[in-house]
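Contents: one structure, followed by commentary.
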Amino acid sequence: MNILILGSGGREHALAWKIAASPLVDQLYCAPGNAGIAREAECIALDLSDHADVIAFCKARAIDLVVVGPEGPLAAGIVDDLERAGIKAFGPSKAAARLEGSKGFTKDLCKAHGIPTAAYQRFTATDAAKDYVRARGVPIVIKADGLAAGKGVVVAQSLPEAENAIDMILGGGLGEAGAELVIEEFLAGEEASFFVLCDGDTALPLATAQDHKRAFDGDQGPNTGGMGAYSPAPVMTPEMTKRALDEIVLPTIRAMREMGCPYKGVLYAGLMITSEGPKLIEYNVRFGDPECQVVVPRFSSDLYVHLRESAAGRLETPVEIADVASVGIVLAAEGYPPAPARRGDLVEGLDTAGTREGVIVFHAGTGTDDSGRVVTNGGRVLTVTATGPDVGAARDRAYAAAGEISWPGVHYRRDIAAQALT
């Protein structure tokens with residue numbers, strides 16, 4: 001089988017690493033890839049927004065399955081275009097990808113089908129949004145409706161902070177993603193991520209995780225795309241997992257099917273576990289990043305088989321998840337967030353870190369210099385992931401490996417997964 005992965009981040013490296021291990025895969029490509037993915041697959045310089053170019057490559061190389069990593073191409077309808085061209089693709093259609101592409105769409109769906117979530121209102125006018133915030137009080141959550149690379153959410157603790165967020169979003173600070181916003185009540189509880197595979201009719205639970213969005217220790221600083229994660233999430237007990245599946249995920253799958261846009265692909269439910277039970281914060285229509293980097297290493301069954309079956313619309317093979325824990329630490333470049341202060345710094349210590357027991361170093365913002373050495377090429381540069389018999393052991397291994405890696409200005413949180421040990 002010839003497989004093409006679309007994307008260039010740590011998520012795609014984790015997928016490439018696991019798919020490359022399948023005995024059913026003959027040739028693996030990734031577009032555009034990164035320096036780490038190049039060790040698992042042949043990297044191809046394709047413009048993912050040029051669907052015709054992607055289709056032409058797939059036909060030229062007889063691609064049997066395209067695995068779409070990031071949300072942008074999904075929201076743009078890459079799966080629809082591939083399938084119209086007779087090419088199988090893993091991921092939801094453009095209509096189904098609205099579960100992530102429009103927070104307002106998802107909130108309205110939850111309201112219509114009795115799916116537990118935070119109370120909310122949608123706004124396109126600044127004055128009306130501010131009036132609503134003043135009436136509801138703080139803390140309150142301000143969200144850009146569209147895709148904002150994980151940076152379109154502000155948990156406002158004061159009225160000025162909320163009003164500034166409204167001005168920033170509706171004032172064009174996030175581009176088209178902020179043409180509309182959703183304002184939600186603040187939910188108290190513990191966050192968790194729940195991953196399922198879908199084939200349009202059913203949902204197959206995969207694993208749980210918990211990520212760390214804030215830039216600095218103690219959940220301080222601005223939101224990021226994610227600074228680390230661990231799996232499983234202790235708060236997601238078997239009972240809580242069943243409730244999340246029965247009360248949130250399955251009603252969503254039924255609703256999407258009834259709307260004529262059946263959901264196929266991975267569905268990632270961001271949950272708040274409240275005193276009343278699980279409530280939906282948001283959906284992602286792809287494997288999260290860095291959650292993918294801690295979930296995928298726990299797969300003991302063939303991930304490629306599951307992705308192929310999802311794309312075909314019939315999940316049949318049981319998913320096997322190893323009874324181990326996994327912890328991933330994101331190593332970021334100076335200046336992130338919002339953006340790296342510089343690129344091209346030599347990354348040292350990769351070989352030493354990668355030989356430690358249970359450790360895998362997934363690349364995200366990396367490239368190579370003229371000598372073929374790995375250099376920084378983005379904000380989130382690496383995810384250092386380790387598995388172990390429990391979260392504590394995995395965490396110790398991950399931090400020991402992270403300490404081996406260096407470049408000027410590297411920074412990372414020192415409290416990833418600490419919550420799971422208290």
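The values are calculated or read from the model by the stated rules, or taken from the named source; none is laboratory data. None of the values given here were measured: they were computed from a predicted structure. Counting neighbours? That spans all protein chains shown, and the Cβs are built from the backbone with ideal geometry, glycine included. Each accessible area value is taken on the protein alone, full model and side chains, heavy atoms only, with ligands, DNA and RNA left out. Shrake-Rupley method; radii C 1.70, N 1.55, O 1.52, S 1.80 Å.
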| R243, sole failed condition from (1) more than 20 Å from T117 (Cα to Cα); (2) in a helix (DSSP H, G or I); (3) charged (D, E, K, R) | (1)
| task | Sort through I87, I78, I142 and tell me the only one that's among the hydrophobic types (A, V, I, L, M, F, W, C) and under 30 Å from E276 (Cβ atoms). | result | I142
| Among the residues of region 112-131, is there at least one that is of a type in the set (S, T, Y) and over 27 Å from E276 (Cα atoms)? | yes
| note | When every residue in region 293-312 that is out of contact with any Ser or Thr (no Cβ under 9 Å at 6 or more places or on another chain) and open to solvent by less than 30 Å² (accessible area, probe 1.4 Å) is compared, the one nearest to A394 (Cα to Cα) is F299
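Conditions (1) among the small types (G, A, S); (2) over 26 Å from T385 (Cα atoms), marked per residue:
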| residue | (1), (2) |
| --- | --- |
| I5 | no, no |
| A21 | yes, no |
| L28 | no, no |
| K59 | no, yes |
| query | If the Cβ limit is 6 Å and pairs must be 6+ apart or interchain, which residue in region 286-298 that is in contact (Cβ under 8 Å) with a residue 60 or more places away in the chain pairs with which residue that is assigned to a helix (DSSP H, G or I) and among the aliphatic types (A, V, I, L, M)? | reply | C292/A14; Q293/A14; V296/A14
| Every pair of residues 6+ apart whose Cβ atoms lie under 7 Å, when the first sits in region 1-18 and is in contact (Cβ under 8 Å) with a residue 12 or more places away in the chain and among the acidic types (D, E) while the second is assigned to a helix (DSSP H, G or I) and buried (at least 24 other Cβ atoms within 10 Å of the Cβ) | E12/I37
| query | Got a sec? Which helices (runs of 4 or more DSSP H) wholly within region 284-363 have at least 3 residues that are closer than 26 Å to A97 by Cα and in contact with a Phe, Trp or Tyr (Cβ under 9 Å, 6 or more places away or on another chain)? | reply | 291-295, 303-312
| query | Is one or more of the residues making up region 219-235 touching a residue at least 12 places away in the same chain (Cβ under 8 Å) and more than 21 Å from M272 (Cβ to Cβ)? | reply | no
| query | Can you name the residue in region 383-422 that is polar (S, T, N, Q) and at pLDDT below 95 and, of all such residues, is most open to solvent (accessible area, probe 1.4 Å)? | reply | T422
| query | Filtering region 253-274 down to residues that are open to solvent by 20 Å² or more (accessible area, probe 1.4 Å) and not in a strand (DSSP E or B), which residue is nearest to P290 (Cα to Cα)? | reply | P262
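Table: residues versus (1) more than 20 Å from the chain's Cα centre (by Cα); (2) within 18 Å of G189 (Cβ to Cβ); (3) buried (at least 23 other Cβ atoms within 10 Å of the Cβ).
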site: T208; (1), (2), (3): no, yes, yes
site: Q220; (1), (2), (3): yes, no, no
site: M227; (1), (2), (3): no, no, yes
site: S231; (1), (2), (3): no, no, yes
site: E247; (1), (2), (3): yes, yes, no
site: P251; (1), (2), (3): yes, no, no
| query | strands (runs of 3 or more DSSP E) wholly in region 25-124 with at least 1 residues that are open to solvent by less than 20 Å² (accessible area, probe 1.4 Å) and free of Cβ contacts under 8 Å to residues at least 60 places away in the same chain - which ones? | reply | 27-32
